[in-house]
Structures are given as C-alpha cells and as structure tokens.
Amino acid sequence: MLLYKAFFKIVKKNLPMILMYVSIILMITLISKVSLEKSAEERRALKYDIIVENKDDSEISKELCTYLSKIHNVTDKKLTRDQIKEKIFYEEILSYIVIPKGFGDSFETDGDLKPESLYDENMPVGMSVNMQINTWLNSVKNYQKLGLSLKESVEKCDETLNPDSYVHLETSKKNEKSLTESVFNYLPYGILSAILLSILPVFSSFNEEKKNQRILAAGLPATKRNLYFALASISLAMILLIVFDAIGSIAGGPEIMFTKTWWFVILNTLCYVICASLLALMISNIFNLNNTGVSIVTNIVGLGFSFLGGTFVPLEYLGDEAKIIGKFTPNYWYSTANDYIFQGKNMSNILLCFGLQLIIGVALFCVGLTVAKVRKKA
Amino acid sequence: MEEIVRVNNLVKRYKDLIALDNFSFSIKKGEIFGLLGPNGSGKSTTINCILSLLTYDKGEVYLFGEKMNVNRNDIKKRIGLIGQNVAVFNELSVYENIDFFCGLYINDKATRRKYVEDALEFTGLNDYRKKSPKKLSGGLIRRLNIACGIAHKPELIIFDEPTVAVDPQSRNNILEGIKDLNKNGATVIYTSHYMEEVEEICSRILIMDKGHEICQGTADELKGQIKNTENVILNVKYIDESDLEGLKKIHHVYSVKYADKVLTIRFSGGKHNISHVLDYISEHSINYERIYSELPTLNDVFLEITGKELRD
Ligand SMILES: Nc1ncnc2c1ncn2[C@@H]1O[C@H](COP(=O)(O)OP(=O)(O)OP(=O)(O)O)[C@@H](O)[C@H]1O
Ligand SMILES: [Mg+2]
C-alpha cells in the first residue's frame, strides 16, 4: 500500500500537465462538433422553400421541376398574385417560380421565353434561385449541342452541376456519424501523452540511483516493489481510459452507448492503453529521465506516433514510407481498427488490429527488460 | 560486549582499481565508530559492502552476529543508512518523505505515525512538515535526509559524510543529534574526512587510506602512538634558510616546515617548548604576526604514518 500510495502522490504532482492533455482532447472534440454543426447549418441554409407553378407540360419543364425539387423544398400550389406577395413578405417562401406555357418550345428554338421568378427585392438571395435555373438551363442546352439527348444532358447536369448539394448531402450523413469516429481517432494522442506523463516521472523518481539504493538498503524485495508498481500502473491506466472513453462517448451521444460499435471502440482503446503503458515501462527501463526529459520524450513519442500512425492525418493521406514506419506504432493499428469498426468490417479484421497493438506493446516491454538486464550485468 | 559489525578481509575491485584491500574491523554495541579517511579512500565502498548494496570479491560481513548477504532483508530492517548524497522525493512533503522511508521498515500505522513525529521532533523539522524538500535550505534538507534514515529507530545507524556542505551551525546540530541517538542505545558508524568531527563524537576511530587500515583506537590512543607531542605554529612573512636550520637545533624539535607564510615546528616531548622558540626568535630578531602552540591532531597521526596530509 505504501508504494501504491507514493506512486499516486507523485502522479498527482503532474496532474496539471495530464489534465492539459485531457483538455486538448476536449478541445478537439468541441471544435469538431462545432464545425460539423456549422457546416450542417450552412447546408440547410442552402435549401430554400419555393413554389413552382408549371404551366407548360414539355419534357424540359418537367425536368426543371425535378431538378429544383432536388435542391430546394418545392411545393406546387397554385396561388393568386396577392397570396404570393403575402407569402414572400412573411418569408414563408423565398420565391415563386412560374414556368410559362410554351417554355418547352421556346427552349428548343430561340430561348426567349424564360421561367418567371417572383421574390422580395430586398432579399438578394432570391436571385440565387434564378441564377441556379439559368445555369442549369444553359448547361442542358450546351450538352444538347454536343449531341446528347435531353435525358442524357439532364443526367450529366446532375453529375456536374451543383456538386455541393449532392456531395454535401452524402458527406453530411457520413460526418454526422463520424464525430464519434473522429474523436475516438484522436484519443490515442491524449491517452499516450497522459500515460507517459504520469508513469515516467514515478519510475524515474524511484529509479534515481541514490533513492534506489536507500530503498534497497531498507530490504524491500524487488518482486514486491514491481508488483505494487504494476498494480498502480494498471489502476492509473484504467482511470485514464475511463476519462478518455467518457469524452469520446459523450461526444458520440447516448445513441452510440452500449451498441456493438461502442463496445468495439472501447476494446480498441483498452488495447491501446495496455500498449501505451507497456511502452512507458520500456522507456523507464531504458532511460533515467528528469522532468525536462519526460516532457521531451512525451512530446516526441506522442506527436511522432500520432503523425505516423494516422491519429492526426487519415491513414490514406500518409506517404508509403511513413506508412511502413507507421505500422510499427500501435497508433496505426488503432486507427485501422477504428476505421474498420465504423465501416462495419468483419470481426476478424478488427481483432487482428487489436492483437497487433498488444503484440507491439509486449515486444517493446521485452526490449526494455533486455536492455535493463544487459546494463545491470555490465 | 556484543559485536554488532564484523568485517573480515574485505576485497573490492573496480576493474583495475582495488578499492578495498583486505580490510577488516569490528564494532561493538554502543560505540560511535569513526571511519576516517581522505577522499577516495574507500569509506563509501565499505558501507555499501556492509549492507550488501555492492558485491565484493572476497571477505565476509557479519551483522548482529549473523552472516550478511543480499537476501537478508531481516538484517537490513535493523539498520538505518544516511547516505553521502541526499536521497529524498522532491514530489513528497517533508512529512510524507519520512513516512515513506519509515514505512519501508514499519508496517503498523499507529507505530509509524508516532515514529515519524519523533523523527520530526528529533531533527527539528516540525515547522517544515508540509514543505517540499525543494524549498528547504541545505542544512534542513540534510536533516530531512537524516530523519528519513533514523525514523524507524534502528539499532545500527550508518552515517556516510552527513555534514558535507553543511554550515557550522547545522553541523553542530547534526553532531549533537548523533550523540543523542547513541545515548538512546544506537550503535553508530560515522564516516568523514573531517578529523575534528570524528575526534569530537567518536568513541573509536579507524583511519583508512587506499582501502586499508592505517591505525585504530580512541583519539588519545592514536595520538599517543606517534612521536609528535606538540606543534608550535608562527605566521611569518619572511625567514632565512639559516634560521630554519637554527630552529631545528632547539631541543626536542624533529621537523621544521615553512610553507605559505606559515612556520610549523614539531616537537617530540619536552616542556616549555614555545618559550624556547620565542627565545630563538627574539635573539635573531625574526618578525612574526602570531604564535601559538597546538597539541597533535588526527591529521598529524595520518601525516606521520602516511607521509601526506589528510586533507588535500
Ligand atoms: N562505481 C565505481 N566504479 C569505479 N570506481 C569506483 C566506483 N565507486 C568508487 N570507485 C573508486 O573507489 C575508490 C573508493 O571510493 P569511495 O567512494 O569508497 O571513497 P570514499 O572514501 O567514500 O571517498 P569520498 O570521501 O570522496 O566519499 C575511489 O578511488 C573511487 O574512485
Ligand atoms: Mg564516500
């Protein structure tokens, strides 16, 4: 108990620094959340309520209606001029569009007859719907000039024009899901830094030669000491795990909690925490660090692993060389597992990534033990 | 009297260097045993071998009548070590430090609490109990270092140069404390290269050099072994070579040395030696600033046996 308590008293001394890394993760979470919400809002703002009155029944006028209903909220009520004015005044709709009779014929010939658009002159956004219509019509015409049929031209326009509306819709769906995914992807940075910052100072303090000698002189068996430190390290790792998983889970919202995905994500962080703790033990076996040393190592290892292992930059953006080195970091396999979990890949792939993290951890730990042993002999 | 420490023919090599060369001695219960020697003579090495903190090449160590080895944690529990360097946790407060090191020996919480209080009281650190060691002065941190080593009330306490870089006031404090510990029943090993300290507190002294014993006994016994009985010392700005020869001819003088404007005249036996020197000086009109007579010190013992000064 004595050693266990002393362990945590020393950890407590470094609490401000550890909390700093917790707050970095909190900040990242908040920033991701705010930016996601903002872009969702922007997208929503792009979609207006409009009324389209189609007096023509040509193919092109129908296609135009379809197009508009894809990018805006369209109703096709027929209203009187006064009613229209009222609705526009109270901002129930942005604009009222009338496709005049004979528009289809005109489109194929001179193009003089254009859809008419009514909107509040004081609200310039009203113009934008007009512009969207013109752009679309021009594009369709241009594709037709290239020899495409009307249907083909419209399809081409769907692909090329207004990519924001389509792409946005898709990515927005993906992003909303991935707030959890991206927050959990950032966690290793916080976890690793916090674990290094809490474990390394304790071990370097106890391993300091003079103190170590004093403790040896007191006849404390090495096995007892190692046992208590192992227990303390595990408790510490679990506390940090709970803190970081809580941040990730709260960001994900109650929907994600206790789902299958969530359990996998939690298991992934558990594997990572184990590996990070073993790494910390390896470092403290090899180096005798002072306070400055601890923060230097924490920064180098924390940032290095995070960049190489896809914690900061998505794995697909990493260069080939970086990827090869990255594979030796637990972060790489953590990120891969995280991707797999949210893509719903099958279990064996995910479990393999878990296993690789643990293997890296054990390997690092063994390296540390060997170095310590060799040094003791010399 | 019970023998607390017995060291037999200890040999310790660091590669080519022989740090301990067939070193033997024994300490009886209740002694303050002084281990005096110049820097690098092997004092710390001896301590570390006694406690099995170092492996040695030859020899045996018996503590409390039992053979000591690295696994004898039961024996280690009866000893307190105050090392040459301060070894405390900067992350823990004064109280927590003493409590931690005491806790390595004493499991019972109530006993421990009492012992820690006793140690705080004993070292005069009561007012600093909540402070971080980083904020303590040099003298106070030495006292903390001592408190951590004695809180568990050990039967044998080993001090390895506890007064290095300590101001005179704290030094006296520490020396008085060691005497008190001894009065309360602890056997003490005290290593130092300060002869005055050793002379002041030790009941028996072993002078060592280059890993082996030069001589041992009480301070008086040691001084009795040498021919030197008195030194007359003068501060002189200038003196002729012929006068140095002249001084040598005074009865009982066996050595005259002039260095750094200090003239040292050594006598072996004789009475009123200083007045004979004064007679010579006034006869030859030698100017001096100060003259005094001194009884031999342990330094003279060391000098006479090894031919070099204890302090470099
Ligand atoms: N780890 C070591 N490796 C090599 N040589 C060592 C080592 N430790 C001590 N020595 C040498 O052994 C000799 C005895 O050293 P020791 O520290 O015992 O001296 P000491 O009497 O305690 O001196 P001091 O008064 O300076 O503390 C010295 O010559 C020292 O250089
Ligand atoms: Mg020493």
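Taking a ≥ b ≥ c as the square roots of the Cα gyration tensor eigenvalues, with a/c under 1.5 meaning rounded and otherwise prolate when a/b beats b/c, else oblate, which class fits the stretch A:50-108?
Working: a/c = 3.00, a/b = 1.67, b/c = 1.80.
Oblate.
Find the relative contact order for chain B and round it to a whole percent, using C-alpha pairs within less than 8 Å whose residues are 6+ positions apart. Walk me through the numbers before you get to the answer.
On the way: 573 pairs, mean separation 60.4, N = 312.
Relative contact order, chain B: 19 percent.
Quick one: B:Tyr292, A:Tyr332, fewest Cβ neighbours within 10 Å first, how do they rank? Don't skip to the end; give the middle numbers.
On the way: B:Tyr292 10, A:Tyr332 27.
If I rank by nearby Cβ atoms, fewest first, I get B:Tyr292, A:Tyr332.
Give me a single rounded figure for B:147-155: the average over its residues of other chain Cβ atoms within 10 Å of their Cβ. Mind dumping the intermediate values first?
On the way: counts 0, 3, 3, 0, 0, 1, 0, 0, 0.
What the average comes to for B:147-155 is 1.
Starting at the first residue of the stretch B:12-19, write each ³J(HN,Hα) from the Karplus equation 6.51 cos²θ - 1.76 cosθ + 1.60 with θ = phi - 60°, in whole Hz, x for Gly and Pro.
Listing the rounded values in order: 10, 10, 10, 6, 7, 7, 9, 7 Hz.
Tell me, A:Ser235, A:Ser284, A:Ser306 in order of fewest to most beta-carbon neighbours within 10 Å?
The fewest-first ordering by Cβ neighbours comes to A:Ser235, A:Ser306, A:Ser284.
Tell me what chain A gives for mean residue ellipticity at 222 nm when only DSSP H runs of n ≥ 4 count, each as -39,500 (n - 2.57), the sum divided by the residue total, rounded to 500 deg cm²/dmol. Show your work: numbers first, answer last.
Details: 15 runs with 286 residues, N = 378.
Mean residue ellipticity at 222 nm (helix-derived): -26000 deg cm²/dmol.
Sorted by mean Cβ packing within 10 Å, highest first, what order do the peptides A:285-293, B:186-194, A:201-209 take? Intermediate values should be presented prior to the final figure.
Details: A:285-293: 15.0, B:186-194: 22.1, A:201-209: 19.0.
My ranking of the peptides, most packed first, is B:186-194, A:201-209, A:285-293.
Of B:Pro154, B:Tyr258, B:Ser275, which is farthest towards the positive pole of chain B's charge dipole, taken about the Cα centre with +1 and -1 on the beta-carbons of Lys, Arg and Asp, Glu respectively?
With unit charges placed on the Cβ atoms, the residue in question is B:Pro154.
Helix B:94-103 sits at what angle to the longest principal axis of chain B, using alpha carbons and giving 0 to 90 degrees rounded to 10?
Around 70 degrees separate the two axes.
For a 27 Å ceiling on Cα separation, which of these pairs sit above it: A:Lys13/B:Lys179; A:Lys13/A:Lys377; B:Lys135/B:Lys210; A:Lys9/B:Lys134; B:Lys28/B:Lys58; A:Lys211/B:Lys76? Mind showing how you got there, number by number?
Values: A:Lys13/B:Lys179 37 Å; A:Lys13/A:Lys377 34 Å; B:Lys135/B:Lys210 38 Å; A:Lys9/B:Lys134 16 Å; B:Lys28/B:Lys58 23 Å; A:Lys211/B:Lys76 16 Å.
As for pairs spanning more than 27 Å Cα to Cα, those are A:Lys13/B:Lys179; A:Lys13/A:Lys377; B:Lys135/B:Lys210.
Using the Karplus curve 6.51 cos²θ - 1.76 cosθ + 1.60 with θ = phi - 60°, work out ³J(HN,Hα) for each residue of the stretch A:80-85 in order, rounded to whole Hz, and write x for Gly and Pro.
Rounded to whole hertz, the list is 7, 3, 5, 4, 4, 4.
What are the radius of gyration and Dmax of the stretch B:178-308, computed over its Cα atoms and given in Å?
Values for the stretch B:178-308 (Cα only, Rg and Dmax): 17.9, 58 Å.
So which trypsin sites (Lys or Arg not before Pro) in the stretch B:108-155 pass both tests, a DSSP loop state and at most 11 other Cβ atoms within 10 Å of the Cβ? Working shown, then result.
Working: sites: B:Lys109, B:Arg112, B:Arg113, B:Lys114, B:Arg129, B:Lys130, B:Lys131, B:Lys134, B:Lys135, B:Arg142, B:Arg143; in loops: B:Arg129, B:Lys130, B:Lys131.
For trypsin sites (Lys or Arg not before Pro) across the stretch B:108-155 that sit outside H, G, I, E and B with at most 11 neighbouring Cβ atoms in 10 Å, the list reads B:Lys130.
Roughly what angle does helix A:150-160 make with the longest principal axis of chain A, taking Cα atoms, 0 to 90 degrees, to the nearest 10?
30 degrees
About the Cα centre, and with charges only on the beta carbon of Lys, Arg (+1) and Asp, Glu (-1), how big is the dipole of the stretch B:3-223? Nearest 20 debye, please.
On the way: 31 positive and 30 negative charges, 145 e Å.
My answer is approximately 700 debye.
So what J values fall out for the stretch A:366-378 if you push phi through Karplus, 6.51 cos²θ - 1.76 cosθ + 1.60 with θ = phi - 60°, rounded to Hz, Gly and Pro as x?
Taking θ as phi minus 60°, the curve returns 5, 4, x, 4, 4, 4, 4, 5, 4, 5, 5, 5, 6 Hz for the stretch A:366-378.
Taking the dipole about the Cα centre of the stretch A:322-377, with the C-beta of Lys and Arg at +1 and of Asp and Glu at -1, give me whichever of A:Leu369, A:Tyr334, A:Asn346 is farthest to the positive side.
A:Leu369
Tell me the net charge near A:Phe305. Cut-off is 15 Å between Cβ atoms, A:Phe305 excluded, with +1 for each Lys or Arg and -1 for each Asp or Glu.
Values: positive: A:Lys323, A:Lys327; negative: none.
Charge balance near A:Phe305 sits at +2.
Other chains near A:214-226: what is the mean number of their Cβ atoms within 10 Å of each residue's Cβ?
Values: counts 12, 4, 8, 15, 15, 14, 6, 2, 0, 0, 1, 1, 0.
Mean shielding by partner chains, rounded to a whole number: 6.
Roughly how many debye, to the nearest 20, is the charge dipole of the stretch B:222-312 about its Cα centre, given +1 on each Lys and Arg Cβ, -1 on each Asp and Glu Cβ, and no other charges?
Details: 12 positive and 14 negative charges, 54 e Å.
Dipole about the Cα centre, nearest 20: 260 debye.
What span do the alpha-carbon atoms of the stretch A:46-161 cover on each of the three principal axes, reported in whole Å from largest to smallest?
So the three principal-axis extents are 45, 28, 21 Å.
Could you grab the relative contact order for the stretch B:230-295? Cα pairs under 8 Å, six or more apart, rounded to a whole percent.
Numbers: 99 pairs, mean separation 32.3, N = 66.
Rounded, it is 49 percent for the stretch B:230-295.
FRET efficiency for A:Ala378 and B:Ser24, Cβ-Cβ distance as r, R0 = 35 Å, nearest 0.05?
Numbers: r = 30 Å, r/R0 = 0.86.
The pair A:Ala378/B:Ser24 has a calculated efficiency of 0.70.
Give, rounded to the nearest 20 debye, the magnitude of the charge dipole that the protein assembly as shown has about its Cα centre when Lys and Arg contribute +1 at Cβ and Asp and Glu contribute -1 at Cβ. It would help to have the intermediate numbers written out before the result.
Numbers: 81 positive and 82 negative charges, 491 e Å.
Magnitude of the dipole: close to 2360 debye.
Net charge within 15 Å of B:Asn22 by Cβ-Cβ distance, Lys/Arg positive one each and Asp/Glu negative one each, not counting B:Asn22 itself? Don't jump to the answer; show the numbers that get you there.
Details: positive: B:Arg6, B:Lys12, B:Arg13, B:Lys58, B:Lys210; negative: B:Asp21, B:Asp57, B:Glu60, B:Asp209, B:Glu213.
That sum, taken over residues with Cβ under 15 Å, equals 0.
Let me make sure I get this right: for chain A, a, b and c are the square roots of the gyration tensor eigenvalues over alpha carbons, sorted descending. Under 1.5 in a/c it's rounded, otherwise prolate if a/b > b/c, else oblate. Which is it? Each step should come with its number before you reach the end.
Working: a/c = 4.20, a/b = 3.05, b/c = 1.37.
Prolate, since a/c reaches 1.5 and a/b exceeds b/c.
Just need the relative contact order of chain A here, percent rounded to a whole number, with Cα pairs under 8 Å and 6+ apart. Show your work: numbers first, answer last.
On the way: 403 pairs, mean separation 67.3, N = 378.
Value for chain A: 18 percent.
Sort the stretch B:3-223 into rounded, prolate or oblate with this rule: let a ≥ b ≥ c be the square roots of the eigenvalues of the Cα gyration tensor; rounded if a/c is under 1.5, and if a/c is not under 1.5, prolate when a/b is larger than b/c, oblate otherwise. Mind showing how you got there, number by number?
Numbers: a/c = 1.73, a/b = 1.45, b/c = 1.20.
Prolate shape, in that a/c is at least 1.5 and a/b is the bigger ratio.
Based on alpha-carbon positions alone, could you give the equivalent ellipsoid semi-axes of the stretch B:230-295 from the gyration tensor, as √(5λ), descending, whole Å? All intermediate terms of the calculation are to be shown ahead of the outcome.
Values: eigenvalues 54, 31, 26 Å².
After diagonalising the Cα gyration tensor, the semi-axes are 16, 12, 11 Å.
Within 10 Å of each residue's Cβ, count the other Cβ atoms and sort A:Tyr48, A:Tyr334 from fewest upward.
On the way: A:Tyr48 17, A:Tyr334 30.
Fewest-to-most Cβ neighbours within 10 Å comes out as A:Tyr48, A:Tyr334.
Can you pull the mean other chain C-beta count within 10 Å for peptide B:86-92?
6
Less than 16 Å apart at the alpha-carbon level, and either on another chain or at least 8 residues along: which aspartates and glutamates does that give for B:Lys261?
The reachable aspartates and glutamates, counting only those whose Cα sits under 16 Å from B:Lys261, are B:Asp240, B:Glu241, B:Asp243, B:Glu289.
Going by amide H atoms built from the backbone, whose H comes under 5 Å of the H on B:Gly34, apart from near neighbours?
Result for B:Gly34 returns B:Tyr190, B:Ser203, B:Arg204, B:Ile205, B:Leu206.
Using only Cα atoms and rounding to the nearest 10 degrees, what angle (0 to 90) does helix A:125-145 make with the longest principal axis of chain A?
For helix A:125-145, the angle is close to 80 degrees.
In square nanometres, what is the average projected area of the Cα convex hull of the protein assembly as shown? Write out the running numbers ahead of the final one.
Values: hull surface 205.5 nm².
Mean projected area of the Cα convex hull: 51.4 nm².
Bear in mind these aren't lab numbers, they're just calculated from the coordinates by the rules spelled out. Keep in mind the model is a prediction, meaning the values are calculated, not measured. Positions of Cβ are backbone-derived with ideal geometry, glycine not excepted, and every protein chain shown enters the neighbour counts.
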